[in-house]
Amino acid sequence: MNIELIKEDSKGKVYRVDDFKIYYRNKGSISGDNSNNPKEVIYLISGSAGVAIKSSQKTLKAPMKIEIPAKTYHKIKALSDVIFILFET
């Protein structure tokens, strides 16, 4: 298993591992905020996040599984430092 850092910026870090990605996001950062996506399954491992899917908005705390259908507006705002695993299908 190879773990590759694919992005590091003010939002945090993203790693690629085989068929998934690991996100380390800093408090206040936003992920998603689009509807140009394949089906996504996200496992929130630590922290809390504000999650919007279509017009629904929720505050979620780890551990939590989130499913986002393909081509669906979604936005994840880190309410604390968060770690999540993303599978795209």
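Whenever a residue of region 75-89 is modelled with pLDDT of 95 or more, its partners that are crowded, with 22+ Cβ neighbours inside 10 Å and among the basic types (K, R), lying with C-beta atoms within less than 6 angstrom and at least six residues away or across chains, give the pairs A78/R25; V82/R25. Restricted to region 12-31, and to residues there that are within 11 Å of the chain's Cα centre (by Cα) and charged (D, E, K, R), the residue that is nearest to L60 (Cα to Cα) is R25. If you check E4 against the conditions, is it among the charged types (D, E, K, R) and surrounded by 12 or more Cβ atoms within 10 Å (Cβ to Cβ)? When the stated conditions are applied, E4 does not pass them. Checking the stated criteria, T89 turns out to be more than 11 Å from the chain's Cα centre (by Cα) and exposed (fewer than 12 other Cβ atoms within 10 Å of the Cβ).
There is at least one residue in region 19-29 that is modelled with pLDDT under 95 and closer than 25 Å to E4 by Cβ. Scanning region 13-69 for residues that are over 19 Å from T89 (Cα atoms) and touching a residue at least 40 places away in the same chain (Cβ under 8 Å) yields Y24, R25, N26, K27, G28, S29, I30, I45.
Only strands (runs of 3 or more DSSP E) whose full extent lies in region 36-85 are considered here, and none of them has at least 3 residues that are closer than 18 Å to I22 by Cα, touching a Ser or Thr at 6+ places or on another chain (Cβ under 9 Å) and among the basic types (K, R). Consider region 23-39. How many of its residues are closer than 12 Å to L86 by Cβ and surrounded by fewer than 18 Cβ atoms within 10 Å (Cβ to Cβ)? Qualifying residue count, region 23-39: 3. Residues of region 47-72 that are among the small types (G, A, S) and surrounded by 15 or more Cβ atoms within 10 Å (Cβ to Cβ): G47, S48, A49, A52, A62.
The values are calculated or read from the model by the stated rules, or taken from the named source; none is laboratory data. It should be emphasised that the depicted structure is a prediction, and the values quoted were computed from it without experimental measurement. Virtual Cβ from ideal backbone geometry, glycine too; neighbours counted across all protein chains shown.
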